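The structure appears right after this line, and notes come after that.
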Amino acid sequence: MVLSVVIVSYNTRDLLDRCVHSVIAGTTVAHEIIVADNASSDGSAGHIRAQFPGVRVLELGSNLGFGAANNAAVKISSGELLMFLNSDTEIRPQAMDRMAAFFQQHPQVGIAAPNVVYPDGRFQPAAGALPGLLQEFRDRRTHRRLNAGDEALRMRLREQYSRPQRVGWVTGGCLMIRRSLFTQLNGFDEEMFMYFEDKDLCKRAQDLHWQVMTVPDAEIVHVLGGSSAGAGGRLRAVYRQSQRRYYQKHLGWLSNQALLFYQAVSK
């Protein structure tokens, strides 16, 4: 098996249906699809079994979070490459095939990701430099400008990522990794319930001298927030907890103290 596509599901039945359909319709490389369902209450697991008999559904007894659910699914997978895909995404035709070919052509690459767009076609930043305090401010400024409608900046970012880029991290919502590397890294850090587990995985891969790259001729559509709609306050707390975990693992004491201050004054 060349590729295992793992999709974590939590109460996104209709989005999940479209995501699975897009993978089946747009991928020719030998692959399997595994849905890891985090105890959804909307009938997601049964719906996928009924509509897509060839898809394996792993029903988890509770909501384990993003990283832990992916880790559980990997244990029953068999692909040489692993693709982690959010349920609120749809892949463009041949995106997975092009990603798999990219890994064959670039043996030094351990992790890669496609370009990401919104449903209306606008470019969506989904890769960047690894976290640090200065980078936090840069990223925050960029997102504020984009959210305020700075389409000139968005076009510059699209142009920047129109060529393969070596980056610090790519989003776990559409991340492909070699199984051998994922195993060597012991998978996602399960102490990060959600957020920063992708940055942590990329950081640890680079510590082992693997490259993290973007693949612009592969593209997916992402309904940003579609898999976490309506949980803003709780997810902000989860984000900050995972952020602290990342800083504790990878950055020094001074950065950790500065982060705590930053979080306190930016509530």
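The values are calculated or read from the model by the stated rules, or taken from the named source; none is laboratory data. What you are looking at is a predicted structure, and each value in this text was computed from that prediction instead of being measured. Here the Cβ positions follow ideal geometry from the backbone for every residue, glycine too, while neighbour counts run over all protein chains shown.
Scanning the range 157-210 for residues that are among the small types (Gly, Ala, Ser), closer than 30 Å to residue 146 by Cα and in a helix (DSSP H, G or I) turns up just one, 205. Residues in the range 84-111 that are in contact with a Ser or Thr (Cβ under 7 Å, 6 or more places away or on another chain) and either modelled with pLDDT under 95 or not hydroxyl-bearing (Ser, Thr, Tyr) (or both): 86, 88, 90, 91, 96, 97. State whether one or more residues within the range 120-132 are surrounded by 14 or more Cβ atoms within 10 Å (Cβ to Cβ), farther than 15 Å from residue 224 by Cβ and modelled with pLDDT under 95. The answer is yes, given that some residue of the range 120-132 is surrounded by 14 or more Cβ atoms within 10 Å (Cβ to Cβ), farther than 15 Å from residue 224 by Cβ and modelled with pLDDT under 95.
Condition check ((1) touching a strand residue (DSSP E or B) at 6+ places or on another chain (Cβ under 7 Å); (2) surrounded by 16 or more Cβ atoms within 10 Å (Cβ to Cβ); (3) in contact (Cβ under 8 Å) with a residue 24 or more places away in the chain) across all residues:
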{"position": "32", "(1), (2), (3)": "yes, yes, yes"}
{"position": "43", "(1), (2), (3)": "no, no, yes"}
{"position": "52", "(1), (2), (3)": "no, yes, yes"}
{"position": "60", "(1), (2), (3)": "yes, yes, yes"}
{"position": "64", "(1), (2), (3)": "no, yes, yes"}
{"position": "67", "(1), (2), (3)": "no, yes, yes"}
{"position": "72", "(1), (2), (3)": "yes, yes, yes"}
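Scanning the range 247-261 for residues that are within 26 Å of residue 208 (Cβ to Cβ) and part of a helix (DSSP H, G or I) yields 247, 248, 249, 250, 253, 254, 255, 256, 259. Among the criteria (1) crowded, with 16+ Cβ neighbours inside 10 Å; (2) at negative phi; (3) not hydroxyl-bearing (Ser, Thr, Tyr), the one residue 234 does not fulfil is (1). Mind checking which residues of the range 78-93 are over 18 Å from residue 15 (Cβ atoms) and surrounded by fewer than 20 Cβ atoms within 10 Å (Cβ to Cβ)? Within the range 78-93, 78, 80, 93 qualify.
Checked against the criteria, residue 148 counts as over 18 Å from residue 195 (Cα atoms), surrounded by fewer than 22 Cβ atoms within 10 Å (Cβ to Cβ) and of a type in the set (A, V, I, L, M).
With respect to residue 26, determine if the residue is touching a helix residue (DSSP H, G or I) at 6+ places or on another chain (Cβ under 8 Å) and more than 29 Å from residue 209 (Cβ to Cβ). Yes: the conditions hold for residue 26.
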